[in-house]
Amino acid sequence: MAARPIPAPIVTVESEPFWNAARERRFVVPTCAACGKAHWYPRAMCPFCGTEKIEWRAASGAGTIYSFSVMRRAKERYAIAYVTLAEGPTMLTNIVDCDFDTLRIGQSVRAVFGETTDGPPVPLFRPA
Amino acid sequence: MTIKGKAYIAGAFEHPTRHAPDKSVAQLHAEVALGALADAGLTRDDVDGYFCAGDAPGPGPATMAEYLNLTKLRHVDSTELGGTSYVALAGHAAAAIALGKCDVALITLAGRPRSEGMATGTTPRLRDPNQPEAGFEFPYGLTTANGYAMCAMRHMHQYGTTSEQLAWIKVAASHHAQHNPNAMLPDVVTVADVVASPLIADPLHRLDCCVISDGGGALVIVRPEIAKSLRRPGVKIVGAGETVKHLAGGTFDLTTSGAARSGAAAFAEAGVKPTDIKYVSIYDSFTITVLIQLEDLGFCAKGAGGKFVSDGNLISGAGKLPFNTDGGGLCNNHPANRGGMTKVIEAVRQLRGEAHPAVQVKNCDLALAQGTGMQLGTRHCSSTLIMERE
Ligand SMILES: [Zn+2]
């Protein structure tokens, strides 16, 4: 079955550093230089302490599935998921390159980049 | 300062249509407004407070105020909380009345997603490119259905909840809908029917999802002195709560909802507890929405919702906690893809003793309406309203 075409992400002045790194195939996680916490979705201001000192640190790419759902009512089936990153935060993503029927919560996954129709690639995950 | 006892729901009206290709959205708003005013025994000239949400045509309240030709307004509120807006706006109306900002508050809801052919729950929608999260959600195909489905999947993983248990929520709604001549899905279904219906987004089946319908509803809320001068049975607002729950920087739990906070606030203001409630209207965009809210409101322990809803426990006359006796969003209607208004309206019917005799709860003197607006799986608004029969 063909994979679902992924629409390009909207790039804003705030998320530009993330997408610039993605264009270089670097998966970065915004991390606060003041309180040390990583957050998701990426923003210019730390949601935990309000500081605008965000460092775009390289992520390990390791994560575990927090929850998921296979969209059956779609032209091309796809698996949406929340993946908890080794760095802490849980992010929305898709699980790809897998048998959808074997996915389970708690499963180890690894980040890969997936092409979008006309924008920077987006981080996806596949079974580790 | 409290709203307890400061305002009464004097008028309630639900549009009988479920498919309105021949009517405009403004017209539907106006028809329900006049319906609720007639129910109360009041007129447009009595209205000095107007309340609406994002379904009203045009930005804010101005377009509908003009269409309805409301000329005495001294208080307006167009708080947008998604589908639960009207549960919250009833509380806002009570607060405005308590503060003397208005005497007769009108709240309207209407829409026609069915006529407009929206595949509401299964199509990714880019609402506002200025939403900072949009770039990190839209590419992944987040829809209404698969967002709620991830909540269900996690609840099943964490607490052992089953598809059969979720199905009981739909079964109970269908038992009620059979008595509602306007219900879109009036046929009684079984647990087997629900789990045999096609999967939409794992683990939610077609029959775990609410209907798509046109229609609307309205409420008229008034000062106690005015309520006492009217002929309708008194329905007193005794408690309200609202909140927003979101992903908190990536540190969230999908198995709890804002109902935990909005419910606690409403119970505290009303001075009652879950076991005092005789009837509940619970927002039912999906079966899982009901289960999580029931737990968060304290009708059962967190994680025990599956057992609580099973074996007909939500069926009026058979179970301990009758819910959505109009058939709810799962079977009756979901006008404008927003179920909060009809939740309050059916609670008012129950408290007045005007529900269908087959589903009327005996001695129904205390009822609760609970709504979850927007997306349970990302960020949502929750509001709770507790009402008492005078
Ligand atoms: Zn910080």
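The values are calculated or read from the model by the stated rules, or taken from the named source; none is laboratory data. No experiment lies behind these values; they were computed from the predicted model shown. Every residue, glycine among them, receives a Cβ derived from its backbone with ideal geometry; neighbour counts consider all protein chains shown. Side chains are part of the model used for accessible areas, which takes the heavy atoms of the whole protein and leaves out ligands, DNA and RNA. Shrake-Rupley method; radii C 1.70, N 1.55, O 1.52, S 1.80 Å.
Brief remarks on what is shown
- Rg/Rg_ref, the stretch B:93-166, where Rg_ref = 2.2 N^0.38 Å and atoms are Cα: 1.72
- Pairs of Cα atoms farther than 41 Å apart, the protein assembly as shown, %: 22
- Taking only the alpha carbons of chain B, we obtain Rg and Dmax values of 19.2, 56 Å in that order.
- 0 to 90° range, to nearest 10: angle between helix B:85-98 axis and chain B longest Cα axis: 30
- Per residue, the accessible area of the stretch B:20-149 comes to 36 Å², computed with a 1.4 Å probe over protein heavy atoms only.
- Considering only B:301, B:259, B:152, the mean-square fluctuation computed in a Gaussian network model of chain B, springs between alpha carbons under 10 angstrom, is largest for B:301.
- Within the accessible area of the stretch A:16-127 (1.4 Å probe), percent carbon and sulfur: 45
- Crossing angle, helix B:163-177 versus chain B [Cα axis fit, 0-90 degrees, rounded to tens]: 30
- Those residues of the stretch B:197-227 for which accessible area with every protein chain present is at least 10 Å² below the isolated value (1.4 Å probe): B:199, B:200, B:201, B:202, B:206
- Peptide B:125-133 shows a mean partner chain C-beta count of 3 within 10 Å per residue C-beta.
- Accessible area in square angstrom per residue, chain A, 1.4 angstrom probe: 46
- Approximate shape of the stretch A:16-127 as ellipsoid semi-axes (Cα gyration tensor, √5λ), whole Å, largest first: 26, 16, 12
- Carbon/sulfur fraction of accessible area - chain B, other protein chains in place, 1.4 Å, %: 53
- The mean number of Cβ atoms from other chains found within 10 Å of a Cβ in peptide B:338-351 is 0, as a whole number.
- Contact order relative to length of the stretch A:16-127, as percent, for alpha carbon pairs under 8 angstrom and 6 or more apart: 23
- Largest to smallest accessible area among A:96, A:70 [probe 1.4 Å]: A:96, A:70
- GNM remark for chain B: springs join alpha carbons under 10 Å apart, and the peak mean-square fluctuation among B:22, B:326, B:311 falls on B:22.
- In this structure the amide hydrogen of residue B:73, modeled in the peptide plane, comes within under 5 Å of no amide hydrogen from residues 5 or more places off or on another chain.
- Percent antiparallel among DSSP beta bridges (both partners in chain B, rounded to 5): 75
- Rounded to the nearest 500, the 222 nm mean residue ellipticity of the protein assembly as shown from helices alone is -7500 deg cm²/dmol, with -39,500 (n - 2.57) taken per DSSP H run of at least 4 residues.
- Computed on the stretch B:329-390, the Cα convex hull volume stands at 92 Å³ per residue.
- Filter on B:236/B:302; B:245/B:307; B:101/B:273; A:75/B:245; B:72/B:228 - keep pairs with C-alpha separation over 28 Å: B:236/B:302; B:101/B:273; A:75/B:245
- Protection-proxy order for peptides B:340-351, B:5-16, B:236-247, each taking the mean of Cβ atoms within 10 Å per residue, highest first: B:340-351, B:5-16, B:236-247
- Entry note, the stretch B:1-78: relative contact order of 28 percent, from Cα contacts under 8 Å with a spacing of 6+ residues.
- Contact residues in the stretch B:242-256 (at least 30 Å² less accessible area with all protein chains than alone, 1.4 Å probe): B:249, B:250, B:252.
- Interface area, chains B and A: about 3100 Å² of buried accessible surface, summed, with a 1.4 Å probe and ligands, DNA and RNA left out.
- Rounded to the nearest whole angstrom, the semi-axes of the ellipsoid equivalent to the stretch B:90-248, taken from the Cα gyration tensor as √(5λ), stand at 35, 24, 17, largest first.
- In terms of accessible area, using a 1.4 Å probe and ignoring ligands and nucleic acids, A:52, A:16 rank largest first as A:52, A:16.
- Estimated translational D of the stretch B:235-390 in µm²/s (Stokes, Kirkwood radius over Cα pairs; 25 °C; 0.890 mPa s): 160
- Test item: A:71-83 mean partner chain Cβ contacts at 10 Å: 6
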